[in-house]
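Below you'll find the structure, written out as structure tokens, and then a few comments.
The values are calculated or read from the model by the stated rules, or taken from the named source; none is laboratory data. Here the structure is a predicted model, which means the values were calculated and not measured. Quick reminder, even Gly has a Cβ in these numbers, built from the backbone with ideal geometry, and neighbours come from all protein chains shown.
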């Protein structure tokens, strides 16, 4: 029996996500960051459950306790590295170079392979805790192999001034996808890296035009070159959105899962619109929030000062408005920080997830019935390294 | 709608064994088993789910749908849609929102303790030992660069406006008086870098030393002192720290421990680590030995400069009387638990020195020094400091009248706080 393609429903809701992100963000600040494991888990549950290929929601089954345990494990290992190595680097940097830039640079380069390692492990944990139609996903171990490949690919990409970016993107995606399972079935990334070249067209041309225009501004007086140079900015922005949409389309179209195929049609114009419109909206909301916070703070201060003039004259209590101002200042700072996260979730992350989900279909879904469950990947260390190094990306 | 209709609905079912998503007929609390859900699968097979094992997955998107699981089976799922059926299930199932027990508590405790132990070992043992060793080998140029960088960061952190560094006080006459004090103390000895004495325009009653020959006095400290000798004594004490390279050790320690602390708390609000570091350095709690060493250094320097070492004790006593021994969380000068011993040591040193003392500054010079911030001379450009509600710095225009504030300067001003200021010259 041949079934029609499964379209993906998206049931995420900006209002519900706003309250969830606000509540969990505030709790994270109040608990000095401890609640962040709960925040991330709860947000993931929401985002996953909003995506419903063929009406069946994705399910995230990771727990905050697992994340906390993984984090503690990573701290034991990383505290040594961060403490001792940073101290040594700082010493060398100030001894030999009279500045801390070298220390930061070396510290960053030293931690890079660890970041790739952490990213792969995080992906393994997240896939192991993701289900669809009751069946678990999974990722084979292979973090060190990923780390050195990623490091080499980055070097090559940097050496080629970014021209070989699609080669890296394809190779790393293939490494990850070829080790990914849905139930008992292994996924496979087909195609070649050169198929991604058209997705880079706009970025390549923006870079080429800005390079030529840059040289010409320097060597000729024609103001048209300056104009051309300025226009490559927005053009490059469009190029990034195009890369995002087209590379997703090409890579998804070339994935296989035991005969099951996929098709995605995200539009670069829509992606660009979400980025531009979303960040603009988030920014405006933050400005409004800052004004509101400043106003409240001013009122509170005024009230505080006018309420105890006697105490202030006596001297001993004069530090109260000072401390309360500090309190409001710190709380205002955190409030803005949390709100920025909340607004970007609502105006950028959710609309992007919605667009990519709604434009993706599962082909030959009748073959899914043969796929059976895989064993649970205990992986108690969870994504501790990614959490500790703060490279868990947005989600 | 009859009872029959309300209790029969269609749902989607995943058995947890294969990737089928099957449409099933559900009977809620059928007459034969009122405490169960009865599922009829497409192939005619029947499954019964007791109502008390039903759990609802939390934080799910979609208003009118729920995904049910069983407390006794981690894999099977039932997806129910529609407001009516969802509300009905909510009424029927008693433990819908019950959470599963937390697993791995033992391991969590073990690793938690392990993490605390390893962080404590690194911050309190490994990093200090390494920092003390490395400080000996840091060349003077490196030390100076470290100090310059840190001083800049501290000034930025102290200015609650945030953007520009806290202004330095540089009124020419006051600076000249300060310079005279420095020359008279003649405490530099064989420092491999020039000693730089700064006055920061802030109410804190405090002073601190940084690597590479920086010593900073806060305006609050100069205002709190009643004689120039007291300021000179504090200056000598801080120069003692510089000479013994205490701040260098401390800065290297922070370099190691800040990263570890950042790791623990996660940078959930960027920049907190920097604030913490600045605070750490200002309120640097040096070891008792380091404080005693700096005191001893100050006693010698003061004696050689024909100033009574007792001035250090007088200043400490003044701080103690104002803050009390335990309260001095702000001024590290005042925070030491053995304050009484130190006052006593200064008194003994004063008696033992038996020097003929002469004033370190003339009365006129002393008044100039107290007015060193009075001219509102700013090193930083005034327009760089944005005005915020928390910014209580006076208007940076020289002819602006002083702020009208109640007659008071807090005895223990906050590190970052708001308070009025008054013209130093009008103080009693």
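Quick rundown of the values:
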{"quantity": "Selection from the stretch A:56-82 of residues that are facing another protein chain (nearest Cβ under 8 Å), free of Cβ contacts under 8 Å to residues at least 40 places away in the same chain and more than 30 Å from residue B:18 (Cα to Cα)", "calculated": "A:68, A:76, A:79, A:80, A:82"}
{"quantity": "Selection status of residue A:25, farther than 22 Å from residue B:67 by Cα and under 21 Å from the mean Cα position of the chain (by Cα)", "calculated": "yes"}
{"quantity": "Test: residue in the stretch A:55-67 that is crowded, with 18+ Cβ neighbours inside 10 Å and within 28 Å of residue A:152 (Cα to Cα)", "calculated": "no"}
{"quantity": "Residue match in the stretch B:154-166 (condition: touching a residue at least 40 places away in the same chain (Cβ under 8 Å), more than 26 Å from the chain's Cα centre (by Cα) and closer than 19 Å to residue B:254 by Cβ)", "calculated": "no"}
{"quantity": "Top-ranked residue in the stretch A:369-385 [being surrounded by 23 or more Cβ atoms within 10 Å (Cβ to Cβ) and either in a loop (DSSP other than H, G, I, E, B) or at pLDDT 80 or above (or both); ranked as farthest from the other protein chains (Cβ to nearest Cβ)]", "calculated": "A:383"}
{"quantity": "Any chance residue B:57 is in contact with a strand residue (DSSP E or B) (Cβ under 8 Å, 6 or more places away or on another chain) and away from chain A (no Cβ under 12 Å)", "calculated": "no"}
{"quantity": "Conditions (1) more than 12 Å from chain A (Cβ to nearest Cβ); (2) surrounded by fewer than 18 Cβ atoms within 10 Å (Cβ to Cβ); (3) closer than 30 Å to residue B:53 by Cβ: number failed by residue B:173", "calculated": "(3)"}
{"quantity": "The one condition in (1) assigned by TED's automatic domain parsing to the domain that holds residue B:65; (2) within 24 Å of the chain's Cα centre (by Cα) that residue B:117 fails to fulfil", "calculated": "(1)"}
{"quantity": "Top-ranked residue in the stretch B:27-54 [being crowded, with 18+ Cβ neighbours inside 10 Å and assigned to a strand (DSSP E or B); ranked as modelled with the lowest pLDDT]", "calculated": "B:28"}
{"quantity": "Matching residues, the stretch A:7-49, being in contact with a strand residue (DSSP E or B) (Cβ under 6 Å, 6 or more places away or on another chain) and closer than 17 Å to residue B:79 by Cα", "calculated": "A:8, A:9, A:45, A:48"}
{"quantity": "Flag for residue A:94 being surrounded by fewer than 18 Cβ atoms within 10 Å (Cβ to Cβ), in contact with a helix residue (DSSP H, G or I) (Cβ under 8 Å, 6 or more places away or on another chain) and facing chain B (nearest Cβ under 8 Å)", "calculated": "no"}
{"quantity": "The stretch B:321-344: number of residues that are in contact with a helix residue (DSSP H, G or I) (Cβ under 8 Å, 6 or more places away or on another chain), within 17 Å of residue B:288 (Cβ to Cβ), assigned to a helix (DSSP H, G or I) and at pLDDT below 70", "calculated": "3"}
{"quantity": "Flag for residue B:122 being in contact with a helix residue (DSSP H, G or I) (Cβ under 7 Å, 6 or more places away or on another chain), surrounded by 12 or more Cβ atoms within 10 Å (Cβ to Cβ) and under 22 Å from residue A:42 (Cβ atoms)", "calculated": "no"}
{"quantity": "The listed residue being closer than 30 Å to residue A:37 by Cβ and touching a helix residue (DSSP H, G or I) at 6+ places or on another chain (Cβ under 9 Å), out of B:189, B:213, B:259", "calculated": "B:259"}
{"quantity": "Test: residue in the stretch B:85-106 that is part of a helix (DSSP H, G or I), outside the structural domain of residue B:9 (by TED's automatic domain parsing) and under 24 Å from residue A:69 (Cα atoms)", "calculated": "yes"}
{"quantity": "So residue A:364, is it surrounded by fewer than 19 Cβ atoms within 10 Å (Cβ to Cβ), within 26 Å of residue A:265 (Cβ to Cβ) and in contact with a strand residue (DSSP E or B) (Cβ under 8 Å, 6 or more places away or on another chain)", "calculated": "yes"}
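Per-residue answers, yes or no, for (1) exposed (fewer than 15 other Cβ atoms within 10 Å of the Cβ); (2) touching a helix residue (DSSP H, G or I) at 6+ places or on another chain (Cβ under 6 Å):
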site	(1), (2)
A:105	yes, no
A:111	no, no
A:124	no, no
A:131	no, no
A:137	no, yes
A:141	yes, no
A:153	no, yes
A:162	yes, no
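So that you can scan it fast, the table gives a plain yes or no per residue for (1) within 14 Å of another protein chain (Cβ to nearest Cβ); (2) buried (at least 24 other Cβ atoms within 10 Å of the Cβ); (3) touching a strand residue (DSSP E or B) at 6+ places or on another chain (Cβ under 9 Å); (4) under 23 Å from residue B:367 (Cβ atoms):
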{"residue": "B:182", "(1), (2), (3), (4)": "no, no, yes, yes"}
{"residue": "B:194", "(1), (2), (3), (4)": "no, no, no, no"}
{"residue": "B:207", "(1), (2), (3), (4)": "no, yes, yes, yes"}
{"residue": "B:211", "(1), (2), (3), (4)": "yes, yes, no, no"}
{"residue": "B:246", "(1), (2), (3), (4)": "no, no, yes, no"}
{"residue": "B:251", "(1), (2), (3), (4)": "yes, yes, yes, no"}
{"residue": "B:256", "(1), (2), (3), (4)": "yes, yes, no, no"}
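Conditions (1) more than 9 Å from chain B (Cβ to nearest Cβ); (2) on the phi > 0 side of the Ramachandran plot; (3) assigned to a helix (DSSP H, G or I); (4) in contact (Cβ under 8 Å) with a residue 24 or more places away in the chain, marked per residue:
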position	(1), (2), (3), (4)
A:15	yes, no, yes, no
A:18	yes, no, yes, yes
A:24	yes, no, yes, no
A:40	yes, no, yes, yes
A:84	no, no, yes, no
A:103	no, no, yes, no
A:108	yes, no, yes, no
A:114	yes, no, yes, yes
